[in-house]
């Protein structure tokens, strides 16, 4: 996604953990459990409550890499995946800032977890599509 804004401005939006609630589809019931505001840096852990397919669960993320305003990485320490490694990259261009996400994940209960892989891929695509629209609305409107 490209936004006609300075990289520092776009990164600052992501540096506020409570904005994650604002860009997550409401039906996921996503809520940060930590006291806010959360001071994000390498090593910060953030706990969330949410539900997926009607099943409530908690998620703990570790900010394993923090390099403002270029990139950061969040990794799941506790949650529904066996592996979740999410790299956020912010690239300054002549048109503004390009936001890129790279998510590496592994489902639990292999090989049984692979049965639901198409459903999970669809859900993740929907979540990231919602995020893109919400980010556009919040930062440009």
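The values are calculated or read from the model by the stated rules, or taken from the named source; none is laboratory data. These numbers come from a predicted model, not from an experiment. Cβ atoms come from the backbone with ideal geometry, glycine included; neighbour counts cover every protein chain shown.
Looking at 51, 100, just one residue is closer than 18 Å to residue 131 by Cα, touching a strand residue (DSSP E or B) at 6+ places or on another chain (Cβ under 9 Å), assigned to a strand (DSSP E or B) and modelled with pLDDT under 95, and that residue is 51. The conditions are (1) assigned to a helix (DSSP H, G or I); (2) touching a helix residue (DSSP H, G or I) at 6+ places or on another chain (Cβ under 9 Å); (3) in contact (Cβ under 8 Å) with a residue 40 or more places away in the chain, and residue 113 fails exactly one of them. Which is it? Single failed check for residue 113: (3). Considering the conditions (1) without any contact (Cβ under 8 Å) to a residue 40 or more places away in the chain; (2) surrounded by fewer than 18 Cβ atoms within 10 Å (Cβ to Cβ), residue 46 is excluded by exactly one of them, (2). Of all residues in the range 62-87, those that are on the phi < 0 side of the Ramachandran plot and in contact (Cβ under 8 Å) with a residue 40 or more places away in the chain have Cβ atoms under 7 Å from Cβ atoms of residues that are buried (at least 16 other Cβ atoms within 10 Å of the Cβ) and outside any strand (DSSP E or B), 6 or more apart or on another chain, in 68/11; 68/15; 69/7; 69/11.
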